[in-house]
1. May I have the convex hull volume per residue, in Å³, for the Cα set of the chain?
2. Describe numerically, in nm with one decimal, the distance between label points set 7 Å from Cα along Cα→Cβ at residue 49 and at residue 61.
3. Counting only heavy atoms of protein chains, what accessible area per residue, in Å², does the chain have with a probe of 1.4 Å?
4. Select from the range 1-80 those chymotrypsin sites (Phe, Trp or Tyr not before Pro) which occupy a DSSP coil region and have at most 11 other Cβ atoms within 10 Å, ordered by residue number.
5. Where does helix 54-67 land angle-wise versus the long Cα axis of the chain, in degrees 0 to 90, nearest 10?
6. To the nearest 10 square angstrom, how much accessible area does residue 26 have with a 1.4 angstrom probe?
7. How do 82, 67, 58 stack up against each other in accessible area, from largest to smallest, with a 1.4 angstrom probe?
8. Testing the spin-label approximation: label points 7 Å from Cα along Cα→Cβ at residue 41 and residue 4. State their distance in nm.
Amino acid sequence: MFGDLGIIDRVIAGGRMAMPTRSTASDGQVTLDVPETLRDRPDIPYPASLITPEWRIEEALRLRLAELGGAVEFGTSLGGFE
């Protein structure tokens, strides 16, 4: 979704990769990283988890909205949407 919104690069730059995950394959092999079977798959473009503070996500969304000519307005309510 962040890719569709045009903010994925900002989100990744503002976060850090999480601790490695431990997985066990059906043959018993243990992996402490993203399993090879999940790498380089177009249906899984971001196989590793990312730790990103919520305020960084909000910042990326606000910057993108500003690029598109919009602004967040506090103290208002939405009267309609078309």
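1. On the way: hull volume 12.8 nm³, N = 82.
It is 156 Å³ per residue.
2. 2.1
3. Values: 6960 Å² over 82 residues.
Dividing the accessible area of the chain by its residue count gives 85 Å².
4. 74
5. Taking Cα atoms only, the helix is inclined about 50 degrees.
6. 130
7. On the way: 82 215, 67 105, 58 85 Å².
Sorted by accessible area, descending: 82, 67, 58.
8. 2.0
The values are calculated or read from the model by the stated rules, or taken from the named source; none is laboratory data. Computed from a predicted model, the values in this text were never measured in an experiment. Backbone-built Cβ (ideal geometry, glycine too); neighbour counts: all protein chains shown. For accessibility, only protein heavy atoms count, side chains too; no ligands or nucleic acids. Shrake-Rupley method; radii C 1.70, N 1.55, O 1.52, S 1.80 Å.
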